[in-house]
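The structure appears right after this line, and notes come after that.
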Amino acid sequence: MVSKKEVLSKPVATIEVGKKSVSVLLDEMSQTGFQGKKLGEVAKIWADMAKQKDLTIFLGLTGSLSTTGQWKIIRWLVEKRYVDVVVSTGANISEDILEALGYHYYQGTWLADDEELLRLKVDRFYDVYADEMQYRKLENTIYKFAATLDERGIYSTREFLHGFGEFLSKKGVPSIVAAAYKAGVPIYSPGLIDSGYGVALSLLKRQKGKLIRLDQTKDMEELAQIAEKTKRTGVVYLGGGVPKDTIQLSTIIKSLGKGGEQETPHEYAIQITADSPQWGGLSGCTLEEAISWGKISSKAKKATLYADITLALPLVAHALNEMVDRRSFPPDLGWVFEN
C-alpha cells in the first residue's frame with residue numbers, strides 16, 4: 001500500500017518570470033500541471049530520444065501545417081535528424097513547395113466572404129490565404145516531375161517522393177522532400193493523392209495519357225522492415241489520422257511476420273493533438289490504448305499533449321535546439337534506398 005508521503009513526494013514548481021531560455025521554461029513547465037506539464041514532458045522525451053543510440057524515430061505528420069509557417073521546422077527536424085522516417089499527409093509535403101518556389105501564404109480571417117475569395121481566386125485555410133494561381137504552380141511542379149517517370153514502373157510513395165526530392169534538390173527548391181533526399185530520410189505518404197499530388201497525377205493521365213501507379217503495400221512492407229531491422233523505435237505524432245496508424249501498424253506487421261511470437265513495440269511515444277479520445281477516432285486515441293494492440297510498450301516513455309500543433313511545435317523545436325547539440329547516433333537507412 002502506498003503511503004501519503006510517497007503520494008505527496010513531488011511539489012509543483014511555481015514559475016517565476018525572468019530572462020530564461022525556452023528549454024529552461026519548458027523544463028519548469030514539466031513540473032507544473034495540466035497541458036503545460038505535458039508540453040514540458042514532450043520536449044524532454046523527444047530530447048531523450050535524440051540522445052539514444054540505435055533508436056529510429058518515426059514522425060507522423062497530419063493536417064495542413066505547411067500553410068501555417070511550420071514547414072521549415074519540419075525541414076529542420078529532418079536535416080538535423082531529430083526524425084529518421086517521416087509518414088505524412090500529401091498536403092504537408094506539397095504545400096511547402098509553394099513557399100519553397102518563392103511564393104507566399106497570406107494572413108487572412110476566418111470571417112472572410114468566401115464567395116468574394118472565390119471570385120478573386122484566393123483559397124482559404126481557416127485564416128490563411130493562398131493565391132490559387134500560385135497554388136497551381138506547386139501542382140505543376142509535381143506534374144513536371146511525374147512526367148519524367150517511366151509509366152511501366154510501379155512506385156511506392158517512398159520511391160516517388162525520393163525521386164521528387166532529388167528533382168527539387170537539383171532545381172534548388174528547398175522543400176521538405178528535398179531535405180529528406182539529402183539527409184537520407186525516407187518519406188511515406190499513405191494519403192498522397194488526397195492533395196496536390198492527386199491533382200497533378202490525374203491531370204497527367206487526362207492530358208498526356210500517362211498513368212503513374214503507386215503501390216502502398218510496398219510502403220507498408222518497407223516500414224515493417226525498417227522497424228524490424230532497427231529494432232528500437234520511438235514515435236512522434238503531430239496530429240493523428242492515417243499517418244499515425246500507418247506507423248503503428250508497422251510494429252504489428254513486424255510481429256506477425258515473426259509468427260506473432262515476438263513483440264517489439266515502440267519504446268518512446270509522444271503526440272500533440274487537438275482531438276479528444278472519447279469520440280473513438282485515431283487522432284484522439286490515447287497512447288495507452290495502443291498498448292493493448294502491442295503498438296506501444298507498456299514501459300514506454302510517453303506523453304500526450306492536447307494542444308494546437310501550431311502553438312506547441314515551435315516551442316518544442318526551439319527547446320530541442322537548446323537541449324540536444326546534435327544527433328550523435330542517427331540510424332543509417334541507406335539500405336532502404338537500395339531496394
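Give the residues of segment 64-81 that are in contact (Cβ under 8 Å) with a residue 60 or more places away in the chain and either buried (at least 23 other Cβ atoms within 10 Å of the Cβ) or in a helix (DSSP H, G or I) (or both), sorted by residue number.
Leu65, Ser66, Thr67, Thr68, Trp71, Ile73, Ile74, Arg75, Trp76, Leu77, Val78, Glu79
Output yes when any residue across segment 255-277 is in contact (Cβ under 8 Å) with a residue 60 or more places away in the chain and in contact with a Pro (Cβ under 8 Å, 6 or more places away or on another chain), and no when none is.
Scanning segment 255-277 turns up no residue that is in contact (Cβ under 8 Å) with a residue 60 or more places away in the chain and in contact with a Pro (Cβ under 8 Å, 6 or more places away or on another chain).
For the subset of segment 147-173 comprising residues that are in a loop (DSSP other than H, G, I, E, B) and touching a residue at least 24 places away in the same chain (Cβ under 8 Å), which member is nearest to Asp96 (Cα to Cα)?
Val173
Within segment 300-339, track down each residue that is over 21 Å from Tyr181 (Cβ atoms), of a type in the set (Asp, Glu) and not in a loop (DSSP other than H, G, I, E, B).
Across segment 300-339, the qualifying residue is only Glu322.
Looking at the structure I just gave you, is Ile45 within 27 Å of the chain's Cα centre (by Cα), closer than 30 Å to Tyr105 by Cα, modelled with pLDDT of 95 or more and of a type in the set (Val, Ile, Thr)?
So Ile45 fails the test.
Of (1) under 16 Å from the mean Cα position of the chain (by Cα); (2) part of a helix (DSSP H, G or I); (3) surrounded by fewer than 24 Cβ atoms within 10 Å (Cβ to Cβ), Lys37 satisfies all except one. Which?
(1)
For segment 187-234, which positions are crowded, with 17+ Cβ neighbours inside 10 Å and in a loop (DSSP other than H, G, I, E, B)?
Leu192, Ser195, Ile212
Tell me yes or no: at least one residue of segment 284-302 is under 19 Å from Phe58 (Cβ atoms), modelled with pLDDT of 95 or more, crowded, with 18+ Cβ neighbours inside 10 Å and among the aliphatic types (A, V, I, L, M).
Checked segment 284-302: at least one residue is under 19 Å from Phe58 (Cβ atoms), modelled with pLDDT of 95 or more, crowded, with 18+ Cβ neighbours inside 10 Å and among the aliphatic types (A, V, I, L, M).
Considering only segment 174-186, I want to know if a residue exists there that is of a type in the set (Val, Ile, Thr), in a loop (DSSP other than H, G, I, E, B) and at pLDDT 95 or above.
Checked segment 174-186: at least one residue is of a type in the set (Val, Ile, Thr), in a loop (DSSP other than H, G, I, E, B) and at pLDDT 95 or above.
Report the residue count in segment 286-299 for those that are under 20 Å from Val86 (Cα atoms) and assigned to a loop (DSSP other than H, G, I, E, B).
Number satisfying all stated conditions: 1.
The values are calculated or read from the model by the stated rules, or taken from the named source; none is laboratory data. Worth saying up front: this structure is predicted, and the values here are computed from it rather than measured. Using ideal geometry, Cβ is built from the backbone for each residue, glycine included, and neighbour counts are taken over all protein chains shown.
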